[in-house]
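*Asks:* Let me give you the structure first, and then I'll get to my questions.
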Amino acid sequence: MDTATVVIARTDLPHLHLPPRSIFDGEYANETAEVSCLPLWRGDSHATLTLPVTESEAQILRRSYALERFRRRVVVPSMLVIGISAAAWIAYSLIAHPGRTDLAGPIALFVVVFLMLVNLVIGEYLVPKQYPRIVRGDRIRIASMPNEVIREWEHLNPGVTLRERL
């Protein structure tokens, strides 16, 4: 299946008319889900988009939003705090007690590596590529949408630019 990335201006969201086709596989969708768009880099999202999806896809989108919020609010700050603490502890141990081995620093670094792995798994494997994200310029990006669905979106929204460069 050929796919492409769609980029929509946030100001066009209220005027967007969508066909009853899933953004995941192009199949006809029997329900819609209101999705809060995720910021690509930082900040909070206040943009919502109502997308046609199947029931299982709606559950995936809800779970993805919860995982991404957990990642941004718990995992990343924990990595920073523990990583800085571990580096400081190791530096202190090396300066104050050069002959003594201490396990606290290496254990803390292991925890940071573990949290980095959790961050990677959530960001790359558990949140689908098609989840809408806010990108620079106040636009919404949906990656890996089937081309046939994009063509229907373009047909229903002639004044809206859907395939602009990031």
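Each reported figure results from applying straightforward, stated rules to the coordinates on display, with no laboratory input. These figures come from a predicted structure and were not determined experimentally. Backbone-built Cβ (ideal geometry, glycine too); neighbour counts: all protein chains shown.
*Asks:* About the Cα centre of region 91-145, what is the dipole size in debye to 20, counting +1 per Lys and Arg Cβ and -1 per Asp and Glu Cβ, all else neutral?
*Replies:* My answer is approximately 320 debye.
*Asks:* What is the Å³ per residue value for the convex hull set by the Cα atoms of region 46-122?
*Replies:* 85 Å³
*Asks:* For the chain, what proportion of DSSP beta bridges, expressed in % and rounded to the nearest 5, is antiparallel?
*Replies:* For the chain, the DSSP antiparallel bridge percentage is about 90.
*Asks:* Continuing with the same structure: About its Cα centre, what dipole magnitude does the chain give when the only charges are +1 on Lys and Arg Cβ and -1 on Asp and Glu Cβ, stated in debye to the nearest 20?
*Replies:* That gives the chain a dipole magnitude of about 720 debye.
*Asks:* Identify which of ALA143, ALA88, ALA47 has the largest mean-square fluctuation in a Gaussian network model of the chain, with springs joining Cα atoms closer than 10 Å.
*Replies:* Top of the fluctuation ranking is ALA88.
*Asks:* Further question: Packing-wise, with mean Cβ within 10 Å as the measure, how do 18-25, 147-154 rank, highest first?
*Replies:* The packing order, highest mean first, is 18-25, 147-154.
*Asks:* Could you work out the equivalent-ellipsoid semi-axes for region 3-156, taking the square root of 5 times each eigenvalue of the Cα gyration tensor, largest first, in whole Å?
*Replies:* Rounded to whole Å, the semi-axes are 43, 15, 11.
*Asks:* How much mean residue ellipticity at 222 nm does the chain get from its helices, if each DSSP H run of length 4 or more adds -39500 (n - 2.57) and you divide by all residues, to the nearest 500 deg cm²/dmol?
*Replies:* That comes out to -13000 deg cm²/dmol.
*Asks:* What net charge is computed for the residues neighbouring MET1, neighbours being all others with C-beta under 12 Å from the C-beta of MET1, Lys and Arg scored +1, Asp and Glu -1?
*Replies:* -4
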